[in-house]
Each structure stands twice: as structure tokens, then as C-alpha cells.
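K.L.:
Quick one: this structure, given as C-alpha cells, is what I'll be asking you about.
The values are calculated or read from the model by the stated rules, or taken from the named source; none is laboratory data. Every value quoted in this text rests on a predicted model; they were computed, and no experiment measured them. All Cβ positions, even for glycine, are placed from backbone atoms using ideal geometry, and neighbour counts span all protein chains on display. These accessible areas exclude ligands, DNA and RNA; they are computed on the full protein's heavy atoms, side chains included. Shrake-Rupley method; radii C 1.70, N 1.55, O 1.52, S 1.80 Å.
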Amino acid sequence: MKAPIQILIVDDDPDFLFLIQKMLAKHPEFKIAGACRSKQAAVTMALSTQPDIVLMDLNLGASPADGIQASREIRILTSAKVLILTALEEPEIILRTTKKAFASGYIFKHQMALLPENISALAKGHTAQEYQIAMAALSELSKAEMSVFQSLIGKDIKLHSSPKTIANQTTQILKKLGLDNKKELAHVFRLLCDNS
């Protein structure tokens, strides 16, 4: 028998948290690894439980900043995929926040009926939405930086710049993406490495 998909739920609304847990409990292929209501608890719990999927409320507290930051930290520090739960429905805002969060996908809170199939799809492999968000995050890179990025994640790319230029471009790429090093870069964008 296959191991159940481990899920961590993060939402600052206790009623909504309860509803999601109740809904997912009906699916034997899912196991609730934990539930919490704050950014710090989310990161701590993700590190201790190592879930497959984190359901992350975008608005933890007053603004989306906590949800974005918690998502980024979880994506950098664990192998979990993050599925953003949001009541926002403006496409530009959604894309901007999900790419900043390094999210693996998003679902609108009024579409909760679709949550189980979204979780299963993400746990099984890479979804079209996951690629779309990753490519949106990389859209700020110049053409030359994109070539260096491809090289950094292990693609067989011939770079024609000097080592100094490549080093400078690498620094720029990490700065634009808000990452500390090449290891974090390869980890966060591993879906593009898997697609070699």
C-alpha cells in the first residue's frame, strides 16, 4: 500500500482550518501532518513534519507578506510543495504573489471542492500551474541571465561569456530571485532540473 500524502495546513481562521481538516479526513490517501495558524509555526512545523504538501493561506494576519514569506522559507528549507489558498481573485496579484512565494500552485477558497484533486496532482508530479509559476518567477531575468540560470541548474548550455561575467550574472540572478546561493536555486527550481 502506498504511503499517504502528508499535508500541513496553515490558515489563521480556525473555522476554515477545521473545515479543511474535516474535508481531507474523508480521503484515505491523505494524512494531516499538522495544522497551524502563523508564519513561524508553519516553518517550524514544516521542518519537523517534512510534509509532501503545505496548504498555505496567503493572508496570515493583516497582509499577504507572512503567507509569502512562510511559503518561501518552507520551499527553500524542505522538499514540500506549497499550494496557496486565497480569497483574492485578481490574476495579476495571484501571479505576482505566487511567484514571490515560490508556490507550486494556488486554489481559490471558493473552489475547495477541487482541493483533493489539486493535492493529488501536485503530489504525483509537476503540474502545468507549477511550471507557469516557476517561469513567471524567472521572467525578470535577462536572456543572458536565463542562459546562466539554465547552466546553474545543470542544463548542458554553452556559455560564451568570461568567468567574471558569469559570476556577476549569477550574483544578479540570485539577487533578483531573493536566494542566497546556487544550492537554494537548484532546490527551488528542481522541477526544471527534473525536466532535463
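K.L.:
Give me the dipole magnitude in Debye, nearest 20, for the chain about the Cα centre, with unit charges on the beta carbon: positive for Lys and Arg, negative for Asp and Glu. If you can, show how the numbers build up before the last one.
P.N.:
Details: 23 positive and 20 negative charges, 137 e Å.
The calculation lands at about 660 debye.
K.L.:
A further question on this structure: Under a Cβ-only charge scheme (Lys and Arg +1, Asp and Glu -1), can you give me the dipole magnitude of segment 1-72 about the Cα centre, in debye to the nearest 20?
P.N.:
Working: 7 positive and 8 negative charges, 52 e Å.
Dipole of segment 1-72, to the nearest 20 debye: 240 debye.
K.L.:
Select from segment 105-196 those trypsin sites (Lys or Arg not before Pro) which occupy a DSSP coil region and have at most 11 other Cβ atoms within 10 Å, ordered by residue number. Can you show the working numbers first?
P.N.:
Numbers: sites: Lys109, Lys124, Lys143, Lys155, Lys158, Lys164, Lys175, Lys176, Lys182, Lys183, Arg190; in loops: Lys155, Lys158.
Counting only loop positions with at most 11 other Cβ atoms within 10 Å, the trypsin sites (Lys or Arg not before Pro) in segment 105-196 are Lys158.
K.L.:
Still on this structure: Enter the accessible area per residue of the chain (Å², integer; probe 1.4 Å; all protein chains in place).
P.N.:
On the way: 10070 Å² over 196 residues.
Dividing the accessible area of the chain by its residue count gives 51 Å².
K.L.:
Next up: Given an 8 Å cut-off on Cα distances and at least 6 residues of separation, report the relative contact order of segment 1-56 as a percent. Intermediate results must be reported in sequence, preceding the final value.
P.N.:
On the way: 80 pairs, mean separation 28.1, N = 56.
Once normalised by length, the contact order is 50 percent.
K.L.:
On the protein heavy atoms, probe 1.4 angstrom, tell me the percent of accessible surface of segment 60-196 carried by carbon and sulfur. Could you put the intermediate results ahead of the total?
P.N.:
Details: 3710 of 6950 Å².
Answer for segment 60-196 is 53 percent, counting heavy atoms of protein chains only.
K.L.:
What relative contact order, as a whole-number percentage, does the chain give when Cα pairs under 8 Å and 6 or more residues apart are counted?
P.N.:
Numbers: 287 pairs, mean separation 29.5, N = 196.
Dividing the mean separation by the residue count of the chain yields 15 percent.
K.L.:
Another question, then. Scaled to the compact-protein estimate 2.2 N^0.38 Å, what is the alpha-carbon radius of gyration of segment 34-139, rounded to two decimal places? Spell out each step's value before the answer.
P.N.:
Details: Rg = 12.5 Å, N = 106, 2.2 N^0.38 = 12.9 Å.
Normalised by 2.2 N^0.38 Å, the Cα Rg of segment 34-139 equals 0.97.
K.L.:
For q = 0.19 Å⁻¹, what log10 I(q)/I(0) does segment 102-175 give under the Debye formula with an equal point scatterer on each alpha carbon and no solvent?
P.N.:
-0.82
K.L.:
For the pair Ala144 and Ala41, what calculated FRET efficiency results from E = 1/(1 + (r/R0)^6), where r is the Cβ-Cβ distance and R0 = 45 Å, to the nearest 0.05? The partial results should precede the final answer.
P.N.:
Values: r = 41 Å, r/R0 = 0.92.
Once the sixth-power term is evaluated, E becomes 0.65.
K.L.:
With the calculation restricted to Cα positions, what are the radius of gyration and Dmax of segment 1-64 in angstrom?
P.N.:
Here Rg and the maximum Cα pair distance are 11.8, 42 Å.
K.L.:
With each run of n ≥ 4 DSSP H residues scored as -39500 (n - 2.57), what mean residue ellipticity at 222 nm is computed for the chain after dividing by its residue count and rounding to the nearest 500 deg cm²/dmol? It would help to have the intermediate numbers written out before the result.
P.N.:
Working: 10 runs with 104 residues, N = 196.
My calculation for the chain gives -16000 deg cm²/dmol from helical runs alone.
K.L.:
What is the mean projected area of the alpha carbon convex hull for the chain, to one decimal in square nanometres? Display every interim value, and only then the final one.
P.N.:
Working: hull surface 45.9 nm².
With the hull built on Cα positions only, its mean projection is 11.5 nm².
K.L.:
With +1 on the Cβ of every Lys and Arg and -1 on the Cβ of every Asp and Glu, and nothing else charged, how large is the dipole of segment 83-196 about its Cα centre, in debye rounded to the nearest 20?
P.N.:
Values: 14 positive and 11 negative charges, 90 e Å.
I would put it at about 440 debye.
K.L.:
Go through Ile32, Ser71, Leu115 and say which Cα lies farthest out towards the positive end of the charge dipole of the chain; charges sit on Cβ, +1 for Lys and Arg, -1 for Asp and Glu.
P.N.:
Ser71
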